[in-house]
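Chemist: Let me give you the structure first, and then I'll get to my questions.
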Amino acid sequence: MVRREQISLALALCIAGLAACSGGGGSSPGPSPSTPTPVPTPTASTSTQQVIRLAIPTSAIGSLVDPTYGTIGGYTQTVYSQILGFAPGQQVMIQNANTGTGAAPHTLGDTGASGSFPATQPATLSMSPVGGNTLSAGFQTGTLTPGQAVGPVTLSAGTYLIGCAFHYQSNNMRDVLIVAAAATPGPQATQPPGVPTPMPTSSGGGGGYGY
């Protein structure tokens, strides 16, 4: 009997406490809902960056003879090999576009030359990266495996005679990168015989090129 009275008393005290907490006047309001965390503004992904693509000229994107610089090939910002033209400060991705069985590694490196390409491979072309994320004198991407991309890389004003440390001499994989206010890409090479046309991408570059 005593235990039943104790339980009843405890229940009564609990109910009274709840009534006091929920009553008017003297109670303080609960915390207001927290302010939603702002959603970060999306940044441009690498897929939307302008892309410089690298491939062996005879396997995919052709070569052409420029009246100023001679034979160029192996680098494009459209589909086939061409002299590259960008504005200072522009950011680009640099991608080895040779893919598939037997695809080769490539590099994009500043030869340090001016006016014309050296007849033999410049010692400046390196398979190791130099220059970080800014393309200026001496820049080297380092080895890019098939399909690999680096960047975004910010371009500094200048005219760069570039080449591949693996294929500069064996495949004439060399080109000119002009970074100036009014620079535009040059005419494109013709497609090598028997090579399927790569599918252009939304970023303006060609698709993957078979070796």
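Here, each number is a calculation from the coordinates, and none is a lab measurement. Quick caveat: nothing in here was measured; it's all calculated off a predicted structure. A quick note on method: Cβ atoms are made from the backbone with ideal geometry, for glycine too, and the neighbour counts reach across all protein chains shown.
Chemist: Once you list every other residue whose beta carbon is under 12 Å from the beta carbon of S63, what net charge do they have if Lys and Arg are +1 and Asp and Glu are -1?
Modeler: Details: positive: R174; negative: D66, D175.
Net of charged neighbours comes to -1.
Chemist: Quick one: what does P(r) look like for the range 89-172 with 5 Å bins over all Cα pairs, in whole %?
Modeler: Reading the bins upward from 0: 3, 16, 25, 25, 18, 10, 2, 0.
Chemist: Could you tell me the calculated FRET efficiency between Q148 and Q90, based on Cβ-Cβ distance and R0 = 22 angstrom, to the nearest 0.05?
Modeler: Working: r = 21 Å, r/R0 = 0.96.
After rounding, the FRET efficiency stands at 0.55.
Chemist: Also, I was wondering about something else. Give me a comma-separated list of calculated 3J(HN,Hα) values for the range 165-174, in order, Karplus coefficients 6.51, -1.76, 1.60 applied at θ = phi - 60°, integers in Hz, x for any Gly or Pro.
Modeler: In residue order, the calculated couplings are 5, 8, 10, 4, 8, 5, 10, 6, 8, 8 Hz.
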